[in-house]
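Right, one structure below, let's go through it.
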Amino acid sequence: MNFPSLPGQIPRGAQVALAMSGGVDSTVAAYLLKRAGATVWGVHLLLGDNAAPPPHLSGLTAHLGISLKILDLRPQFSRLVVDYFVAEYRRGRTPNPCIRCNALIKFGALWEEARGWGATHLATGHYLRLMPLSDGCPGLFRGVDRGKDQSYFLCRLPRERLPYLLFPLGGLTKTQTRQIFQELRLPALPTQQESQDICFVPRGCYVEFLRERTGQGGIPGDLVDREGRVLGRHKGLEHYTVGQRRGLGLPGREPYYVLKLLPESNRVVIGPKAQLYSQGLRARDPNWLMDPPTREMRVTAMIRYRHPGVDAVLHPKSFGELEVFFSQPQAAITPGQAVAFYEGDRLLGGAWIEEGLP
């Protein structure tokens, strides 16, 4: 195939630090950057407690002709991401550690370290595009491959960091990325599986992880309906999230869903699917990749990863809060998750969801 170029993206003499896992995406990103004339450092981050560089990584970077740096960010990751993850669950919320990690670790602590090495740019293998706006400033846009678009996870990036970022895969589909990797005839990777959802939770069992981290298990409590009537018992708030259907163990004429978690009373509110829908949401601490809006504006709101997005009207409020009203009711508005805002394919920013609005 004809390998794509990166016209206009790579300034002459660019010194690029590339977050490199050792998988297909970051490997192809490294190749494309080097082919475009950049000096590339592959940077592998040590994040989890038992983290270690993949054994094949040094050989892979040598084959690509780039240098390799190992950066130990375990203390920062534990404090800024893992502690947040645990604290949010204890508050009865459902955290999004990937969004927080991107903002504070990959595009935060890593960038600060890379600048000290003389890096002019930071790159990752995310599928999204960085393109100039009408005023010449950079903006973030969905990746060409909508099935792999990862812009949602970067909705809290600092706006001032955009001029220093590069996303070599944003104009490719995942299929094209795999084809490039195969045609480069690089050494076979030990595994080409996609990254797991929560990288620091072994085997994906987050309840067990929380128990080990806090030294205590969940506290059982009441399952109640919206009027407060007790319908059954739950195993501990950390076992549940808004919209969940499985694991409630209650018979009924129609399935029950989790509507809300009440940590102050250790209760889980459940109800039929019709009660799961909200007309809007309230969110806090918005992060903007544009001038912050001062009046209502129309946006597309994405309330979770893989959500198709819904037309909405955003109302800025005081004290770092905002309200969003949907054109159609949406299910399972989940406190602790992020809502991302778009105008067409352009990512405008994001905020943390506090609650659904009736």
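Readers should treat all values here as calculations from the given coordinates under stated rules, not as data from a laboratory. Note that the structure is a prediction, hence the values are computed from the model and not measured. Here the Cβ positions follow ideal geometry from the backbone for every residue, glycine too, while neighbour counts run over all protein chains shown.
The long axis of helix 24-35 is offset from the longest Cα principal axis of the chain by roughly 30 degrees. Distances between placed amide hydrogens fall under 5 Å for Leu231 paired with Leu223, Val224, Asp225, all partners being 5 or more residues away or on another chain. Hey, quick one: spin label on Glu212, modelled 7 Å out along Cα-Cβ, who in region 46-84 has an amide N within reach, i.e. under 13 Å? Within reach of a label on Glu212: 48-51.
Annotation: the antiparallel percentage among DSSP beta bridges lying fully within region 218-271 is about 75.
222 nm [θ] for the chain, helices only, -39500 (n - 2.57) per DSSP H run of 4+, per residue, to 500?
Numbers: 8 runs with 64 residues, N = 358.
Per the formula, -5000 deg cm²/dmol.
Against the main long axis of the alpha-carbon atoms of the chain, helix 174-183 sits at an angle near 30°.
What is the gain in length, in nm to one decimal, between Glu355 and Asp285 on full extension, counting 0.36 nm per residue of separation less the C-alpha to C-alpha distance? Each step should come with its number before you reach the end.
Details: separation 70, 0.36 × 70 = 25.20 nm, distance 1.35 nm.
Result for the pair: 23.9 nm of gain on full extension.
With the Cα gyration tensor of region 68-169 giving a ≥ b ≥ c as the square roots of its eigenvalues, does the rule (a/c under 1.5 for rounded; else a/b larger than b/c for prolate; else oblate) give rounded, prolate or oblate? Cα axes put region 68-169 in the oblate bin. Here the simple spin-label model places points 7 Å from the Cα toward Cβ, and for Cys137 and His307 these points are separated by 2.6 nm.
Remark: region 125-140, residue by residue, has Karplus-estimated 3J(HN,Hα) of x, 5, 8, 7, 10, 10, 9, x, 8, 4, 8, x, 6, x, x, 9 Hz, where x stands for each Gly or Pro and the curve is 6.51 cos²θ - 1.76 cosθ + 1.60 at θ = phi - 60°. Of His315, His307, His239, the residue with the greatest mean-square motion in the GNM of the chain, using alpha carbon springs below 10 Å, is His307. Annotation: the antiparallel percentage among DSSP beta bridges lying fully within the chain is about 70.
Pairs over the 32 Å Cα-Cα cut-off, from the set Lys148/Lys273; Lys174/Lys260; Lys174/Lys235; Lys69/Lys174; Lys148/Lys235; Lys174/Lys317: Lys174/Lys260; Lys174/Lys235; Lys148/Lys235; Lys174/Lys317. Shown for Cys137, Cys199: other C-beta atoms within 10 Å of each C-beta, ranked fewest to most, produce the order Cys137, Cys199. Computed from phi, the 3J(HN,Hα) profile of region 278-295 under the Karplus parametrisation 6.51, -1.76, 1.60 (θ = phi - 60°) reads 10, 7, x, 8, 10, 9, 9, 6, x, 10, 10, 9, 7, 5, x, x, 10, 9 Hz, with x in place of Gly and Pro. For Arg79 and Arg91, the difference between the fully extended length at 0.36 nm per residue and the C-alpha to C-alpha distance is 2.6 nm. Given a cut-off of under 8 Å on Cα pairs at least six residues apart, what relative contact order in percent is computed for the chain? 15 percent. Here the Karplus relation 6.51 cos²θ - 1.76 cosθ + 1.60, evaluated at θ = phi - 60°, turns the backbone of region 204-218 into coupling constants of x, 8, 6, 5, 5, 4, 4, 4, 5, 6, 9, x, 8, x, x Hz, with x for every Gly and Pro.
Here's how it looks for Gly139: its modeled amide H is under 5 Å from those of Met131, Leu133, which are all 5 or more places away or on a different chain.
In what sequence do Leu154, Leu248 fall when counting other Cβ within 10 Å, fewest first? Let's see the in-between values first.
Values: Leu154 24, Leu248 20.
With the fewest neighbours first, Leu154, Leu248 line up as Leu248, Leu154.
For the peptides 36-42, 127-133, 14-20, 65-71, residues were scored by their other Cβ atoms within 10 Å and the scores averaged per peptide; the highest-first order is 14-20, 36-42, 127-133, 65-71.
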